[in-house]
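Remarks on the structure that follows.
The values are calculated or read from the model by the stated rules, or taken from the named source; none is laboratory data. Here the structure is a predicted model, which means the values were calculated and not measured. With ideal geometry, Cβ positions are generated from the backbone for all residues, glycine too; neighbour counts draw on all protein chains shown. Just the protein is used for accessible areas: all its heavy atoms, side chains included, with ligands, DNA and RNA removed. Shrake-Rupley method; radii C 1.70, N 1.55, O 1.52, S 1.80 Å.
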Amino acid sequence: MPQPAVVADGIEASPPEPAVRTTSHMPPWVHMVAGVTAGIATSTSGFYRVPSRPTLAAEYTGATLQHLIIAPFRHTSETFGILGSIRAKEGWRGLFRGLGPSLAAVVPATAVKFYVYGNCKRLGASILGRGEGDTFVHAQAAILAGIATATATNPICSLDCVQQVLRQEGLPGLYRGLTASYLGTVETAFHLMLYERFKVLFYKSLRPENWDNHMLSELATWASTTGAAGTAKLAAVLVTYPHEGWHGLYGGLTPHLVRSIPSAAITLGVYEFILRLVGG
């Protein structure tokens, strides 16, 4: 762990906080490697196997206030009940069924997202003359990362699917729905911006007083990173998720949160860990 720095007047200053460490000294490829590792960890965690309820929006139509309040708790219970049923009938392997397609979809996306995000933070801070901890730097990096991810991964599907789309619709068909994907980057941008803020706040409240204890410091960093990621994802989803009219505003929200919040915590936790591991 870094030792306290001594300033000119002889007073010891606090060491740099790992949660706000800059990455300008890291090669650009490190962010891609960290993104790939995070994508693999997230996919194999099994959270992408959480079942969804596509018809939930209809359930909220005409619902009373009491129903709207109770429904999320019932949906949470039902979601975990379905997971338990899958495990009972198919075993633990059942929860990981479809892992191959999940890896094929998630890993490239996280690789592109964090490669662009990490490097755009560094380049943006340099071009704009601001620090990497600046909110505007985070915003532009998050937006560019979301756009790059949507553009790069929108055509990803099986070879047969690609051939059929090219045959029937031509090259533009591979990017059908790209505009909607770009609109979806709003959640990504909001999530990453909040995450950077929460990460610093959480670390300041959790950091150990004894900087010489590597285990405590690493534990505080993990807790602040995953906690910030989950909290930021919750806020981002609640703000950007609503659709399909007032009554169906949050239809299907509970399964989405059950899947996305742990995934966000795992993804960013592993990503930040790889950066610390490589950066020393």
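For segment 122-131, the Karplus equation 6.51 cos²θ - 1.76 cosθ + 1.60, evaluated at θ = phi - 60°, returns couplings of 5, 5, x, 4, 5, 5, 7, x, 10, x Hz by residue, with Gly and Pro reported as x.
Computed with a 1.4 Å probe over protein heavy atoms only, the accessible area of T151 comes to about 50 Å². Between R130 and E169, the FRET efficiency estimated from the beta carbon spacing at R0 = 41 angstrom works out to 0.45. Heavy-atom accessible surface of K199, to the nearest 10 Å², is about 10 Å², with a 1.4 Å probe and all protein chains retained.
One compactness figure for segment 105-174 is 1.45, namely its Cα radius of gyration divided by 2.2 N^0.38 Å.
Largest accessible area first, the residues Y203, Y175 order themselves as Y175, Y203 under a 1.4 Å probe with ligands, DNA and RNA left out.
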